[in-house]
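The structure appears right after this line, and notes come after that.
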Amino acid sequence: MFGNPMEIAIVVGAAVLLFGGNKIRDVARSLGAAKKEFEVGQSEADANAARAKAQAAAAAAAAAAAEPPVIAEPHPSVESKA
């Protein structure tokens, strides 16, 4: 974003002059709270996705165990050579 420390200092200085120190502090605090809330929501979503994946795998395993294997029978038009 910024390649030079002098540019960073100029931008920060201009922000302090325009908005004042208290307003910048409030914005930074709000951004920190928003980031924390996002991380909490993301971890909850990850946990829900893992839980749903485990339930789907268990349901698929139960369905596979409940169904008898399909045995292919020869077509009636095919004659047996035995």
Contacts under 7 angstrom Cβ, first residue in region 14-42 being at negative phi, partner outside any helix (DSSP H, G or I) and surrounded by 10 or more Cβ atoms within 10 Å (Cβ to Cβ), 6 or more apart: none
Which numbered condition Ile71 misses (of (1) outside any helix (DSSP H, G or I); (2) under 30 Å from Ala15 (Cα atoms); (3) of a type in the set (A, V, I, L, M, F, W, C)): (2)
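Here are Glu39, Glu73, Glu44: which of them is surrounded by fewer than 10 Cβ atoms within 10 Å (Cβ to Cβ), among the charged types (D, E, K, R) and either within 33 Å of the chain's Cα centre (by Cα) or modelled with pLDDT under 95 (or both)? So that I can check it myself, show each step before the final result.
Values: Glu39 fails: surrounded by fewer than 10 Cβ atoms within 10 Å (Cβ to Cβ); Glu44 fails: surrounded by fewer than 10 Cβ atoms within 10 Å (Cβ to Cβ).
Testing whether each residue is surrounded by fewer than 10 Cβ atoms within 10 Å (Cβ to Cβ), among the charged types (D, E, K, R) and either within 33 Å of the chain's Cα centre (by Cα) or modelled with pLDDT under 95 (or both) leaves just Glu73.
The values are calculated or read from the model by the stated rules, or taken from the named source; none is laboratory data. What you are looking at is a predicted structure, and each value in this text was computed from that prediction instead of being measured. Cβ coordinates were reconstructed from backbone atoms using ideal geometry, including for glycine residues, and neighbour counts include every protein chain displayed.
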